[in-house]
1. Could you state the accessible area per residue of segment 18-79 in Å², with a 1.4 Å probe and every protein chain left in place?
2. What's the angle, to the nearest 10 degrees (0 to 90), between helix 77-87's Cα axis and the longest principal axis of the chain?
3. Under the rule of -39500 (n - 2.57) per DSSP H run of 4 or more residues, summed and divided by the residues of the chain, what mean residue ellipticity at 222 nm is obtained, to the nearest 500 deg cm²/dmol?
4. Roughly what angle does helix 122-139 make with the longest principal axis of the chain, taking Cα atoms, 0 to 90 degrees, to the nearest 10?
5. How much of the accessible area of the chain, probe 1.4 Å, is carbon plus sulfur, in whole percent?
6. Pull out a ≥ b ≥ c, the square roots of the eigenvalues of the alpha-carbon gyration tensor of segment 72-176, then state rounded if a/c is under 1.5, prolate if not and a/b is larger than b/c, and oblate in the remaining case.
7. Below 8 Å between Cα atoms, with a sequence gap of 6+, how large is the relative contact order for the chain in percent?
8. Of [x] 57, 36, 30; [y] 51, 39, 35; [z] 43, 35, 32, which one was derived for Cα extents along the principal axes in Å from the structure shown?
Amino acid sequence: MPNDDLSLFSYEILGLVGRGGAGPHDLLQLARRGRILDWAGESQYYVEPKRLARLGYLEARKEPGKTRERTVYSLTEQGLDALRDYARTPLTLTPLKSEPLLRLLIADLVGEEVTREGFATLRADLDDLDARLGESARAADALPHRREYLLLVNDFLRHYVELHRELVDRVERDLG
């Protein structure tokens, strides 16, 4: 990371705020829509924008909300510069936190039958993720300036879900 003040999550928040701005609730909903990229705790979507505003990466303003005033954040020039600097750094593969892979790691300790049964329950979750990704793909049309990039991410995540389906099939076949 080019800046010690910023984590991968910080850059995610800056990117989600984007050109149009967003409130913490908006940020949380954007992350949760696809669910696969929702890897921070709910409170972090409220805490991190405040921190980034204190550091000068975001600017906060008040706007009317449905029931009360809400805070909306916008990128500052400093925030945009931070994203530009970050975009120039070499990419690395982010460590993978995966419950299915952990289940396979412990299969010899807990037994193949319980592992296979656990994997069978993953199918419903994958169906849910497929539906959410479909919603996200349709929602990309509302952001024409980001549509191409959002659809690239969506396509990658669809392949990721499909890779899990293939893993479920293999576990059911090989641990049968």
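1. Working: 3850 Å² over 62 residues.
Accessible area per residue: 62 Å².
2. So the helix axis and the longest Cα principal axis differ by about 30 degrees.
3. Details: 9 runs with 109 residues, N = 176.
Helix-only estimate at 222 nm: -19500 deg cm²/dmol.
4. For 122-139 against the chain, the angle is about 30 degrees.
5. Working: 6310 of 11670 Å².
So the carbon and sulfur contribution to the accessible surface is 54 percent.
6. On the way: a/c = 3.30, a/b = 1.95, b/c = 1.69.
Taking the square roots of the gyration eigenvalues as a ≥ b ≥ c, segment 72-176 is prolate.
7. Numbers: 151 pairs, mean separation 37.1, N = 176.
Relative contact order of the chain: 21 percent.
8. [x]
The values are calculated or read from the model by the stated rules, or taken from the named source; none is laboratory data. Treat the numbers as computed from the prediction; the structure is a model and nothing was measured. Note: accessible area is taken over every heavy atom of the protein model, side chains too, but ligands, DNA and RNA are not part of it. Shrake-Rupley method; radii C 1.70, N 1.55, O 1.52, S 1.80 Å.
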